[in-house]
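A short write-up of the structure that comes next.
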Number of protein chains: 2
Amino acid sequence: MLKIQKMISTLKENTEIILPENGLEEKLVQAGKENRKLIIKLGFDPTAPDLHLGHAVVLKKLKQFQELGHQIVIVVGSFTARIGDPTGKNKARKPLTAGEVRHNAETYISQLSKVIDVEKTKIVFNSEWLDSLPFSDIIQLMSKVTVARLMHRKDFSKRFAENTPIAMHELMYPVLQGFDSVQISCDIEMGGTDQLFNCTMGRQLQESHGQPPQTVMCMPLLKGLDSREKMSKSLNNTIGLTDEPNEMFGKAMSIPDSLIDEFIDLTTDFSPDEKEALKQRIRNGENPMNIKKLIAGNIVRQYHHPEAAEHADRFFISQFQNKNPQEQAFEAVSIDSVFPAQRTINLVELCHRLKNGESKSFVRRLIENGGVKINRVTKTDPQEEIELQQGIKIRIGKRGFFELS
Amino acid sequence: MLKIQKMISTLKENTEIILPENGLEEKLVQAGKENRKLIIKLGFDPTAPDLHLGHAVVLKKLKQFQELGHQIVIVVGSFTARIGDPTGKNKARKPLTAGEVRHNAETYISQLSKVIDVEKTKIVFNSEWLDSLPFSDIIQLMSKVTVARLMHRKDFSKRFAENTPIAMHELMYPVLQGFDSVQISCDIEMGGTDQLFNCTMGRQLQESHGQPPQTVMCMPLLKGLDSREKMSKSLNNTIGLTDEPNEMFGKAMSIPDSLIDEFIDLTTDFSPDEKEALKQRIRNGENPMNIKKLIAGNIVRQYHHPEAAEHADRFFISQFQNKNPQEQAFEAVSIDSVFPAQRTINLVELCHRLKNGESKSFVRRLIENGGVKINRVTKTDPQEEIELQQGIKIRIGKRGFFELS
């Protein structure tokens, strides 16, 4: 009995919403009685395969379920991604080809393996059941849900009130996500708190299909490095799960002090006691830098090997704690391999490639705001052609130091 | 040129809404240039195959187009009728079997022949294209329409404001009706004014499918015999196209004086000059009864042979203008053929059968309100068992006089 209570308390750790309140206990008891695995669902939008620490908050909870022997099912939203948003109002939703969906899903799955055991995970594509759904079944499905219910979703009601167009098919998407739960007979659907509405839709549709409604567990949305909004690739405020150790360490060190507690809770794998002790040290007035280093090291250890964390720590000291830029370590970049057969390159393109594909609009803003230097001279014209010569030193933003070789 | 103007003025006669305003002229000119027939659409809901004079207002306009050589296309809403309204809130929309749809369509078509030339009419079923529509096409279709646009339909906005549930699939139906117009490349969609919203949906979808948008022509909704609401079978205030001549004549005579002008315009086939002359006679103070007789006779002549109109006129005089009920003509009803092998029958059932299947709930109310007499004795218990004896006289409401024989 003590064991079950410990299990429940672990699963509830960091969880922000459980619906219904006792839904987790009920599902665990039921699975125990029936001697079966719980089916734990996570939906994945294949338009955005790059995972960051915000996604990891949910994935770590999945990992806990997996370690308890339950069945994780990743539902790839291949149907909706292939349809896209034909209104074209939201560029992020332009339709993907079947090949792009497959490629994104592969990228996603390989990144998943940084947190959960992919071998034990079931991956399904919702186009399997949605592509061939007869229209009459679709009408039956839509008849189960009222317009008023759908309009309760915050973004819908807001847009409706502001006369911002909502296309009819957008209103259908949450119903389809709910139908995915019916198809896999889901016990628990996981998501960020922004998925609460869509996940409860699954409960309603399961009930109308004669299934016990799933429990919904929502994890908090990790704030981005800028501390203002949630971590999101489009806001350029992420730590990616595939970031290099030095990059990961440096980004973690850049969080404002106000985020320290949240990062301790949501990004580290310290035990609850260790987490509490770290927070206490802050409250006792210790220099926040010390605690951030422990967080940054912990993060790097989770996604890379332990030596990488130590190395990143030393690299950070050499670059940032020693304030003299002349002595900073510049990463050597081979002209021949990164810029083969090129003599000159325009500044935006140069920074874009050196920063591992950082978006060109972001790089352009950085240049215009004086954030890029070549041989210590600030360059503000994004279109300037730069000669690719050995030995020139390029500084991009706070954490990018490169020397051509 | 004079001929075209006369044609347009005939087509505009009685028409309440033409959208866009010059849409009729444009379509006629276009068809003339391209030397082709216009495609004139009328949607038919196969749940309600019994046609009345209200429907005839639209059908007569179709007939005018047909006589000008254009192509009438009746779209039977077989898809939606077979799906029905699974929420069950509206009993009228319970799903029909394929057999019921076929049967109702046949009934409808045979009644259509009372107004238009069915041989020259194209009848299509929208399940032909909707049954097999892939889900991805449905999503594309729904993406063309905004929720706000659909919520403009009066009944939707009213229900939404009153928190009366609207199921999602209900919101999809107008889009499907619009898609029917795309499928048949409709030039002009006809309907009652209550169909304006659904018909304009067709314009929008045709445009988004690269077709010239249809013109919408809406005919006024004929008031029912009670003059309060539109003529509708569920309100028991109709003159059916298949009503017997005496019934038809008597019902037409029962309209209140305030409806005379409207009935002259919308139910008779008098010429515009004749119509104007009739209205003038009313304004000059002539007894409205005289004009109603001309209307009633004209209606009977349209749907039965001319002698039937004369006979109905005489029958009406014998029954209603002679106010002594004892001298009224009672229609002889053979016990053996209408009630074979029965000795007694309950009162509701008796009236239901004598009145050609008039709804039992209507008959029950009539009895309870003192509208039924047997041998001049008012009977108010709908469940009373009546002995079926030759010679008994049964009076049902104002126009039902029967004598068992």
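Things to note:
- Count of residues meeting criterion [under 21 Å from B:Ser127 (Cβ atoms) and either more than 9 Å from chain B (Cβ to nearest Cβ) or modelled with pLDDT of 95 or more (or both)] in segment A:117-136: 0
- Subset of segment A:47-74 that is touching a Gly at 6+ places or on another chain (Cβ under 9 Å) and in a loop (DSSP other than H, G, I, E, B) - its residue that is surrounded by the fewest Cβ atoms within 10 Å (Cβ to Cβ): A:Asp50
- Wholly enclosed helices (runs of 4 or more DSSP H) of segment B:177-286 bearing at least 2 residues crowded, with 21+ Cβ neighbours inside 10 Å: B:196-208, B:245-253, B:260-267
- Pairs linking a residue in segment A:163-182 that is touching a residue at least 12 places away in the same chain (Cβ under 8 Å) and at the interface with chain B (Cβ under 9 Å from one of its Cβ atoms) to a residue that is part of a helix (DSSP H, G or I) and among the aliphatic types (A, V, I, L, M), with Cβ atoms under 6 Å and 6 or more positions apart or on different chains, are A:His169/B:Ile139; A:His169/B:Met142; A:Leu171/A:Leu150; A:Leu171/B:Val147.
- In segment A:223-235, the residues that are at positive phi form Cβ pairs under 6 Å with partners that are at pLDDT 85 or above and part of a loop (DSSP other than H, G, I, E, B), at six or more places apart or across chains, as follows: A:Ser227/A:Pro256.
- Filter result (open to solvent by less than 80 Å² (accessible area, probe 1.4 Å) and part of a loop (DSSP other than H, G, I, E, B)) within segment B:1-35: B:Glu13, B:Asn14, B:Thr15, B:Pro20, B:Asn22
- Residues that are of a type in the set (Lys, Arg) and part of a helix (DSSP H, G or I) do not occur anywhere in segment A:315-335.
- Residue within segment A:179-187 that is in contact with a Cys (Cβ under 6 Å, 6 or more places away or on another chain) and either among the aliphatic types (A, V, I, L, M) or not assigned by TED's automatic domain parsing to the domain that holds A:Arg314 (or both) present: no
- Note on segment B:146-158: residues that are more than 13 Å from chain A (Cβ to nearest Cβ) and buried (at least 18 other Cβ atoms within 10 Å of the Cβ) total 0.
- Test for B:Asn324: is it surrounded by fewer than 12 Cβ atoms within 10 Å (Cβ to Cβ) and either within 17 Å of B:Glu385 (Cα to Cα) or at pLDDT 80 or above (or both): no
- Filter result (within 23 Å of B:Gly240 (Cβ to Cβ) and outside any helix (DSSP H, G or I)) within segment B:117-150: B:Asp117, B:Thr121, B:Ile123
- Residue within segment B:75-83 that is more than 14 Å from chain A (Cβ to nearest Cβ) and either open to solvent by less than 30 Å² (accessible area, probe 1.4 Å) or in contact with a Phe, Trp or Tyr (Cβ under 9 Å, 6 or more places away or on another chain) (or both) present: yes
- Residue in segment B:109-116 that is among the hydrophobic types (A, V, I, L, M, F, W, C), part of a helix (DSSP H, G or I) and at pLDDT 90 or above present: yes
- So A:Ser143, is it in contact with an Asp or Glu (Cβ under 9 Å, 6 or more places away or on another chain) and away from every other protein chain (no Cβ under 12 Å): no
- The set of residues in segment B:159-168 that are at pLDDT below 90 and assigned to a helix (DSSP H, G or I) comprises B:Arg159, B:Phe160, B:Ala161.
The values are calculated or read from the model by the stated rules, or taken from the named source; none is laboratory data. Bear in mind that the values here come from a model prediction, so they are computed numbers and not experimental data. Quick reminder, even Gly has a Cβ in these numbers, built from the backbone with ideal geometry, and neighbours come from all protein chains shown. Note: accessible area is taken over every heavy atom of the protein model, side chains too, but ligands, DNA and RNA are not part of it. Shrake-Rupley method; radii C 1.70, N 1.55, O 1.52, S 1.80 Å.
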